[in-house]
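Just so it is clear, none of the values below were taken in a lab; they were calculated from the coordinates. Model, not experiment: these values are computed from the prediction. So basically every Cβ, Gly included, is an ideal-geometry build from the backbone, and we count neighbours across all protein chains shown.
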Amino acid sequence: MIPMFSAKSLVDVMDVLNYEQKNLSVWFRVNKLSFNMSKTNYMIFKHTNDNIDHKIIINRVCVEKVHVTTCLAVKVDEHYKLG
């Protein structure tokens, strides 16, 4: 699952993300499922080289922030470059 959020500011994105993460956590628990935290990470897409440092926590575990990830055999980085 790849949830994507956009907003006018990073603070707004983080608010939406935290709200949705709580809903997902409840849904996972009700359906007797769990996050595979070793495969769970996040990326903030950006146009500049700004160092944006925010933490996402799921079930009291800090989610790893990555700068490059692979989805369906395509590498994507935080500056929208495909590899």
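Of note:
- Cα extents for region 10-77 along the principal axes, largest to smallest and rounded to whole angstrom: 40, 31, 17.
- Packing rank of 65-73, 21-29, where each peptide gets the mean count of other beta carbons within 10 Å, highest leading: 21-29, 65-73
- Restricting attention to region 10-77, lysine pairs at least eight places apart or on different chains and with alpha-carbon atoms under 18 angstrom apart total 10.
- Modelled FRET efficiency - R0 22 Å, Met37 with Cys71, Cβ distances, 0.05 increments: 0.75
- Antiparallel bridges, percent of DSSP beta bridges restricted to region 10-77 (to nearest 5): 75 percent
- FRET E, pair Cys62, Tyr19, Förster distance 25 Å, beta-carbon r, rounded to 0.05: 0.85
- With R₀ fixed at 35 Å, the C-beta to C-beta distance from Val30 to His79 puts the FRET efficiency at about 0.40.
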